[in-house]
Structure formats: structure tokens, C-alpha cells
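Take a look at the structure set out below.
The values are calculated or read from the model by the stated rules, or taken from the named source; none is laboratory data. Remember, it's a predicted structure, so these values are computed and weren't measured experimentally. Positions of Cβ are generated from backbone atoms using ideal geometry, with glycine treated the same way; all protein chains shown enter the neighbour counts. Only protein heavy atoms, including side chains, enter the accessible area calculation; ligands, DNA and RNA are left aside. Shrake-Rupley method; radii C 1.70, N 1.55, O 1.52, S 1.80 Å.
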Amino acid sequence: MALKESYRFTERDLAKYPFLREASEYLEEVGFTVKDIEAEYFRPIIDRAYSRIVEAMEKGVVSLGLGEPRLEIASFPVAVLLVRFVRDEFLVRRYALAESLRARELLEGEPKSLVGALASRLGFRAEIGNGYAKLYVLDYLKYASRFHDPRWKLVNRVLDRGWVTLSRRELVRLISEAIQDSLTKILSRPLPGDAKPPSTFEAKIIAITSMLSDRKVKYGGWTDVGFVEDALPPCVKAMYTALRGGKHLPHVARFTLASFLLNIGLTVDDVVKLFISTPDSDERITRYQVEHIAGMRGSMTKYTPPSCSTLKTHGLCIEDELCREVKHPLIRYRRGMRRVIGGGGEGGEKLREA
Amino acid sequence: MERSLERLREDTRRFVKNIFSKYYSSLASTFIEEPPRISGREFGFNLFDKGIVRHISFKSRDDLLEYLKANSPSDCYYSSAFYMNPSASMDGKGWIGAELTFDIDADHIHTDCKAEHDRWVCTSCRYEEDGDIPERCPNCGGDKLEERVWFCERCLLAARRETMKLIEILSSEFGVEEDNMTIYFSGHRGFHIHVSGEVEGLDQNSRREIADYLLGVGSDPSVYFERMIAAMDAGGAKLRILRAIYDLLSSASPEDLKAIGLKRSFIESIVEDRDRILGRMLEGGFDRFAREVGLTSIRKLIAKAVEYSSVKIDSVVTLDIHRLIRLPGSLHGKTGLMKSRVGSSLESLEGYDPLSEATPFRDFRDHVKLYVYSAPKFRIEDESYGPFEGEEVSLPLQPALLLLCKGVAYISG
């Protein structure tokens with residue numbers, strides 16, 4: 001049922017969606033080549049590429065810049081190359097998100113033929129009507145299952161023979177998610193080991209790197225804040241109380257509690273001590289399991305506790321008013337901490353002092 | 001006395017193992033259904049003497065049959081996932097994809113008959129009681145309690161009804177084709193549904209969404225209401241919810257309606273004028289019906305209808321993309337019945353009787369002498385057996401095996 005790809009992209013379309021295959025074909029046709037990257041005429045292109053990245057870091061979205069379509073098209077692959085030289089995971093995510101937001105904003109005003117062409121290019125099986133669209137359920141799930149708003153939950157959609165009805169706006173939201181994914185993939189692709197940045201990139205790379213390190217200081221990790229019983233999310237608190245009362249906890253609850261406590265900074269010893277206070281436990285096995293969760297064994301990955309939706313599925317979720325719109329028990333703990341400490345502050349810095 | 005009991009148990013175990021071994025050296029080759037892409041699957045077994053072994057892989061069906069012949073496990077499993085290196089440890093397997101699987105078990109469905117046939121036993125003091133298993137033994141305070149679940153025809157029927165709901169939703173709402181769907185009897189108290197095709201690539205989040213959809217978890221009636229009004233056709237999920245509302249209203253007592261939280265005036269009009277209101281719902285469609293009923297009531301009805309028409313799957317099985325599931329054609333260690341293929345359609349399930357079709361030993365006419373502690377009345381094919389209570393009996397192999405595997409009898413002959 002997917003639309004046939006009969007749509008022809010104009011120069012203006014390509015300036016809006018410079019990640020399309022047609023955009024690089026266009027650049028080839030007009031004689032643009034990366035070989036010239038150190039030439040003088042390339043300077044404005046590199047400047048626009050740099051501003052795409054700075055806008056992404058500072059505002060979280062790239063500006064539309066449709067005044068000079070050719071510059072807009074050419075600056076995109078250059079920006080991609082810059083990001084790949086900087087090689088920073090945060091930047092990759094941030095830039096992919098910002099470009100996808102730009103595309104989303106533009107797509108919301110497009111005719112259905114263009115939306116359809118982009119959708120099918122990204123692998124969506126969709127049928128687009130005037131205010132609504134129908135999307136094949138597996139394509140829907142691929143992206144919508146990441147969102148936590150109840151409106152996106154499949155259980156709140158009226159499914160019919162594999163098709164999900166959704167608004168055009170919602171379809172565009174999913175398309176931008178797919179754009180973000182494919183950009184992330186391109187941006188994380190490593191360059192060949194001997195690749196050297198062109199001389200015209202050097203100053204930009206230094207500037208970007210220093211901006212990145214400033215940002216990281218500001219938004220550093222917020223875990224390891226210590227244990228405050230009153231700040232625990234109700235679900236974890238119930239598990240904790242049950243365990244201390246010598247009750248038997250199901251496996252998922254034990255895993256949740258152990259990984260939660262390890263993530264807020266308790267040591268393996270602390271957690272083992274808590275678990276072996278129950279009558280039927282074996283210290284050796286408990287220690288092994290806790291060390292595994294802490295990332296000291298096996299896959300060497302430190303586990304985080306399951307998300308709220310997983311806990312809900314297992315019937316372990318207990319909600320209170322602080323849980324509203326929270327997707328993860330660790331986030332709920334941060335809120336709880338803020339309340340316990342006395343309401344001040346926005347984010348992590350305050351907590352770290354506490 | 002204690003010692004001789006131990007010996008009886010040992011004899012019984014040896015007898016059961018011997019029967020399983022006979023099965024795997026002859027009959028199994030006609031019943032075993034190896035999974036597609038067998039060389040990418042992890043296998044796991046419960047062996048009579050050695051307990052659980054896993055991370056095993058086979059190149060072909062012949063290799064698998066060879067292993068079964070040599071080891072005759074009490075239970076056989078394979079991964080719904082296929083891997084690059086199926087016999088590596090969990091971290092090194094290299095997940096490629098996994099069929100989407102559903103498990104419907106009488107354990108997860110409320111049936112009134114369970115109070116009559118499910119028991120638990122305390123392994124420390126041997127105290128036993130009917131019904132749901134408590135956390136601790138009320139007699140000695142021990143926490144090592146064993147379930148003795150029986151499966152009866154009513155439980156099986158309830159599981160089958162639930163499975164039919166699932167198949168209906170998978171095909172009319174998810175659009176799953178019959179060719180991509182296989183229904184199996186689990187060998188105990190329920191059914192497994194394996195779905196193949198594009199769904200094999202689904203990640204865990206997407207599988208959770210599907211499980212939540214079926215269970216009705218996270219449903220928001222006001223959102224759902226808007227969506228029902230917006231849905232063009234009255235097919236799929238909309239039809240299911242409408243039918244459920246219709247069913248609820250046509251059979252509910254005033255007390256039931258009150259429990260749903262409906263307004264008194266609406267309950268009165270339903271009680272007095274049920275046929276007319278339902279008739280209008282059928283003729284005027286959902287939109288008009290919703291307007292007449294009012295927003296508050298319709299939301300409550302939708303919430304109830306979602307719950308009522310939900311399917312009681314075991315969500316853990318559907319979510320786990322590394323899950324081991326029972327091998328079709330292998331014997332279930334707790335019953336001596338086979339996990340066996342039912343088919344792909346609702347009709348095949350409707351006509352399916354596990355007690356006649358999952359019974360590989362039905363043609364063995366030699367009788368086995370055994371002592372039965374306690375067993376309710378049960379049926380294999382057209383023959384009824386029991387109830388037995390502390391008595392010596394002589395039974396054909398299939399029913400005898402069931403009692404022995406269930407742990408309610410021992411070999412006495």
C-alpha cells in the first residue's frame with residue numbers, strides 16, 4: 001500500500017531535506033566536490049556547516065536557512081564530515097536530533113505527496129489522507145514504542161488489519177524519529193584511521209571540542225547521589241521494605257532493587273548485606289548476582305533498573321503524585337531528593353552538593 | 001519406612017525415564033518438529049539425572065534426534081531466537097532475530113475449578129491444602145512449598161477460549177497471516193502461539209507494546225474514545241470493543257453496572273429498556289450511542305470493555321527475546337503428554353482435543369500397576385479414569401504416565 005515514488009524533489013526541497021540521496025546527486029551535477037574543501041570559495045559553506053553544529057549544540061535545532069538553497073544543500077555533508085572528525089557521542093546525538101527537528105518543522109507544512117515520498121524513502125508503509133494517515137503497525141512500533149506518553153501506547157490505538165490510524169502530525173513525528181536514527185548511524189560511522197582534517201577544519205574542530213567540554217561540566221552525571229529512604233520511588237520503597245521485613249521478592253523485583261541501589265551509589269557490599277538479611281539467602285550466590293548487576297562480572301555492563309513501563313508490565317509499579325510523567329525510577333528518585341532536600345534547584349548540580 | 005518410600009520414588013522415576021527413553025528412540029522421529037533455521041538455535045534440556053543443561057546447538061534435525069535418543073530428557077526447549085553462535089554464553093551469542101511467541105496457560109486465567117483441584121504441599125511438614133499457594137506454611141512456618149496443580153478439562157477449555165481471542169486479535173487487528181502463525185498445545189495446561197515473518201526483528205520495547213495491547217495495560221479510556229470516533233471503519237479493535245460493550249450491557253445485572261461506575265439514571269434506563277438501547281447501538285452505530293450515553297459513562301464502559309476483551313497472556317514469555325520454549329513433539333515432564341501442533345486457524349483450534357491428540361502412547365494397551373495417593377477424575381481420549389484416593393489400580397500406559405509424572409502415584413507392580 002506504500003505510495004509509489006513518483007515525486008520529483010525540487011532544489012528547494014533538497015535545501016529543506018539535504019540528507020536525501022537526491023541532494024548529493026544534485027551537488028555532483030552542479031560541480032561541487034569535497035576535493036575543493038581547502039579552496040577559498042568553500043569558506044561560506046564551511047561557515048554554514050559550522051553554524052549548523054553550533055545551533056544544534058546551543059539551541060537544539062538547526063535554523064531553516066532557505067535563502068540560499070545551494071549553500072544549504074552543500075553545507076550539510078560538510079557538517080556531517082566535521083562531526084565525524086570531532087568523534088563525540090554526545091555531539092552525534094545532539095546534531096542528529098537538531099537536524100531531525102528542523103526537518104520535522106518543515107514537514108508539518110508540506111503537501112501529502114512530499115510527506116508520502118519521504119515516508120516511503122525511510123521505509124514506512126503508509127497511506128496518507130488529508131488530516132490523517134494510516135501506518136503499518138510494525139513501522140509504527142519501531143519508533144512509537146520509544147515514546148512514553150500514553151497517547152502513543154499501542155493499547156490506545158484502534159488497530160485494524162495491521163493498520164494504525166494516526167494524524168498527519170503524528171506521522172511526521174515518527175518520520176523525524178526515523179531521520180534522527182539514520183543520521184545517527186551516518187554520523188557515528190568512523191573515518192578511515194589515516195584521515196586528516198582539512199586545514200580549513202582545524203579552528204572549527206577546536207572550537208566545537210571546547211564547547212563540548214564546557215557543556216559536559218554543566219550537565220555531568222547526576223547519579224551516585226547517595227541513599228535517602230524518603231526519596232525512594234514508591235515501587236522501590238515497597239521492595240525495600242518487603243525485603244527488610246524478610247519477605248520473598250520475585251526475581252524482577254530483586255533485580256530492580258539491586259540495580260537501583262547500585263545506581264544511586266551504594267556499594268556491592270551494602271547491597272549484598274541487605275539481601276542476605278533474608279532467611280533463605282546464600283551469601284555466595286547473592287554476591288555473585290549483585291556483582292553481575294554492578295557490572296563486575298559477565299558482560300561487564302552495569303545494569304540500570306527497568307523503566308516504569310517495564311515495571312508496570314510486571315505489575316510492580318506503584319504510582320504517587322511525584323511519579324507523574326516520569327518514565328524511570330531513577331528520575332523519580334531525583335525528584336524525591338529535590339523534595340527531601342528542600343525544593344531548590346534545577347538539575348543535577350544541586351544534588352551533587354547535597 | 002522412609003527408606004522404602006525413597007525406593008518407590010526411585011523406581012517410579014526409573015520407570016518414567018525408561019518410557020521417555022523408548023519414546024525418544026522410536027516414536028519421536030515422527031512427532032518432533034525441529035525449528036526452522038535449526039543451526040542458529042540454542043537448545044536446553046532437563047535431564048533426569050543431571051538437571052538442566054543449555055547453550056547446546058545442533059547442525060540438523062538428525063543431530064537433534066540423535067541427542068534425544070542418547071539422553072532422553074524429561075523436558076526439551078529451544079530458543080525462539082536465532083543467533084550467530086547459539087552455543088556461546090549469553091553475551092557472545094549474537095542475536096539475529098526471534099519469533100514472536102505467546103504463552104497462554106490456565107495458571108494465568110481464573111477458573112472456579114482450581115479451588116477443587118489445585119493443592120500445595122509443605123515440603124518440611126507435609127501439610128497440604130487446597131487452592132492458592134501461600135507465602136509460608138500456616139502449620140510449621142516453612143517457606144518451601146510445592147504446588148500440585150492438576151489440569152482439568154475446564155481449565156483447558158478456558159485456556160482454549162483465551163487462545164481463540166488471541167488468534168482473532170492477531171489476525172483481525174494485527175493483520176497476521178495464517179501462514180505466519182502456528183498454534184501448539186503446550187503439553188500441560190495451555191497453548192503456545194509462534195508468529196514468524198517480519199515480527200522476528202521486533203525489539204523488546206515493541207514486544208512490550210504488543211503484550212500491553214493484548215493485556216490492556218496502560219489503556220486510557222478517554223484517548224481510546226477519541227480514537228474510536230476517529231477510526232473510519234468499524235473493523236478491528238473498534239469492533240472488538242463495541243462487541244464487548246454490547247456483551248456487557250446485554251448480560252450485566254444492575255449491581256455489575258454499578259460496579260463499573262455507571263450513573264444511576266443510565267443503569268435504570270438499561271434495566272428498563274435494555275433491548276431498545278442495544279438495538280439503537282446496533283443501528284445508529286457507536287458515535288450516536290456514545291452521545292446518548294454521555295462521556296463519563298462511555299469512558300467507564302470502554303475501560304471495562306478493554307479489560308473484558310483483553311487476553312491473559314504470560315507477558316514475560318512475549319517480552320523475553322532470549323526465551324527458551326518447549327520443543328514441539330517433545331514430552332512434557334509433568335504430564336507425559338506431547339507439545340503438539342494444533343494448526344494455524346481458529347477452526348483447527350476449535351476442533352482440537354489435547355487429551356486425544358497429544359497422547360503418543362494411546363495405542364499402548366499393556367496395563368501398568370500403580371498406587372495412587374489422590375487424583376480427581378480425568379479423561380484420556382474417550383475413556384474416563386478416577387477419581388482415585390489411596391488405592392492400587394491398573395491403567396493403560398498414557399493415563400498411568402500422567403499420574404506418575406504428576407507425582408500423585410508410584411509404581412507398584
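Quick check on this structure: which one of B:168, B:147, B:128 is under 21 Å from residue A:135 (Cα atoms) and open to solvent by 70 Å² or more (accessible area, probe 1.4 Å)?
Among B:168, B:147, B:128, only B:168 is under 21 Å from residue A:135 (Cα atoms) and open to solvent by 70 Å² or more (accessible area, probe 1.4 Å).
Mind telling me which of the residues B:327, B:301, B:370 ends up being away from chain A (no Cβ under 14 Å), touching a residue at least 40 places away in the same chain (Cβ under 8 Å) and within 30 Å of residue B:177 (Cα to Cα)?
B:327
Tally the residues that are assigned to a helix (DSSP H, G or I), facing chain A (nearest Cβ under 7 Å), charged (D, E, K, R) and within 26 Å of residue A:319 (Cβ to Cβ), restricting the search to segment B:197-243.
Result for segment B:197-243: 4.
Among the numbered criteria (1) at pLDDT 95 or above; (2) part of a helix (DSSP H, G or I), which one does residue B:191 miss?
(2)
Please give the number of the condition residue B:157 fails out of (1) touching a residue at least 40 places away in the same chain (Cβ under 8 Å); (2) within 16 Å of the chain's Cα centre (by Cα).
(1)
In segment B:184-225, what residues are open to solvent by 30 Å² or more (accessible area, probe 1.4 Å) and among the polar types (S, T, N, Q)?
B:196, B:204, B:205, B:219, B:222
If you scan segment A:106-162, which residues turn out to be among the acidic types (Asp, Glu) and either in contact with a Phe, Trp or Tyr (Cβ under 9 Å, 6 or more places away or on another chain) or farther than 14 Å from residue A:176 by Cβ (or both)?
Of everything in segment A:106-162, those that are among the acidic types (Asp, Glu) and either in contact with a Phe, Trp or Tyr (Cβ under 9 Å, 6 or more places away or on another chain) or farther than 14 Å from residue A:176 by Cβ (or both) turn out to be A:127, A:139, A:149, A:160.
How about segment A:136-150: which of its residues are facing chain B (nearest Cβ under 7 Å), more than 17 Å from residue A:313 (Cα to Cα) and open to solvent by 30 Å² or more (accessible area, probe 1.4 Å)?
A:142 - this is the single residue of segment A:136-150 that is facing chain B (nearest Cβ under 7 Å), more than 17 Å from residue A:313 (Cα to Cα) and open to solvent by 30 Å² or more (accessible area, probe 1.4 Å).
Within segment B:80-93, can you find the residues that are assigned to a loop (DSSP other than H, G, I, E, B) and either within 13 Å of chain A (Cβ to nearest Cβ) or open to solvent by less than 20 Å² (accessible area, probe 1.4 Å) (or both)?
Matches in segment B:80-93: B:80, B:86, B:88, B:89, B:93.
Out of (1) open to solvent by less than 30 Å² (accessible area, probe 1.4 Å); (2) facing another protein chain (nearest Cβ under 10 Å), what's the single condition that is false for residue A:160?
(1)
Output the number of residues of segment B:252-288 satisfying the condition of being surrounded by 15 or more Cβ atoms within 10 Å (Cβ to Cβ), more than 37 Å from the chain's Cα centre (by Cα) and under 15 Å from residue B:242 (Cα atoms).
1
Search segment A:309-331 for residues that are under 17 Å from residue B:219 (Cβ atoms) and pair each with any residue that is of a type in the set (D, E, K, R) and part of a loop (DSSP other than H, G, I, E, B) when their beta-carbon atoms are under 8 Å apart and the residues are at least 6 apart or on different chains.
A:309/A:327
Which of the residues belonging to segment A:30-43 are under 35 Å from the mean Cα position of the chain (by Cα) and of a type in the set (Asp, Glu)?
Within segment A:30-43, A:36, A:38 qualify.
List the number of the failed condition for residue A:62; all other conditions in (1) open to solvent by 10 Å² or more (accessible area, probe 1.4 Å); (2) among the hydrophobic types (A, V, I, L, M, F, W, C); (3) touching a Lys or Arg at 6+ places or on another chain (Cβ under 7 Å) hold.
For residue A:62, the failing item is (1).
Filter segment B:54-73 down to the residues that are touching a residue at least 40 places away in the same chain (Cβ under 8 Å) and either crowded, with 21+ Cβ neighbours inside 10 Å or outside the structural domain of residue B:325 (by TED's automatic domain parsing) (or both), then identify the one that is farthest from residue B:29 (Cα to Cα).
That would be B:73.
Are any residues in segment B:103-125 assigned to a helix (DSSP H, G or I) and open to solvent by 60 Å² or more (accessible area, probe 1.4 Å), and if so, which ones? Don't jump to the end; show me each part of the working.
So in segment B:103-125, the residues assigned to a helix (DSSP H, G or I) come out as B:106-108, B:114-117.
Residues satisfying the conditions are B:107, B:108, B:115, B:116.
Within segment B:92-110, does at least one residue satisfy the condition of being hydroxyl-bearing (Ser, Thr, Tyr) and closer than 17 Å to residue B:316 by Cβ?
For segment B:92-110, residues hydroxyl-bearing (Ser, Thr, Tyr) and closer than 17 Å to residue B:316 by Cβ: present.
What residue, among those in segment A:114-135 that are touching a Leu at 6+ places or on another chain (Cβ under 8 Å) and part of a loop (DSSP other than H, G, I, E, B), is surrounded by the most Cβ atoms within 10 Å (Cβ to Cβ)?
A:124
Just checking, which of A:68, A:22, A:11, A:29 is out of contact with any helix residue (DSSP H, G or I) (no Cβ under 9 Å at 6 or more places or on another chain) and farther than 25 Å from residue A:194 by Cα?
A:29
Could you say which residue among B:258, B:312 is more than 14 Å from chain A (Cβ to nearest Cβ), among the basic types (Lys, Arg), in contact with a helix residue (DSSP H, G or I) (Cβ under 8 Å, 6 or more places away or on another chain) and closer than 30 Å to residue B:228 by Cβ?
Every option except B:258 fails the conditions.
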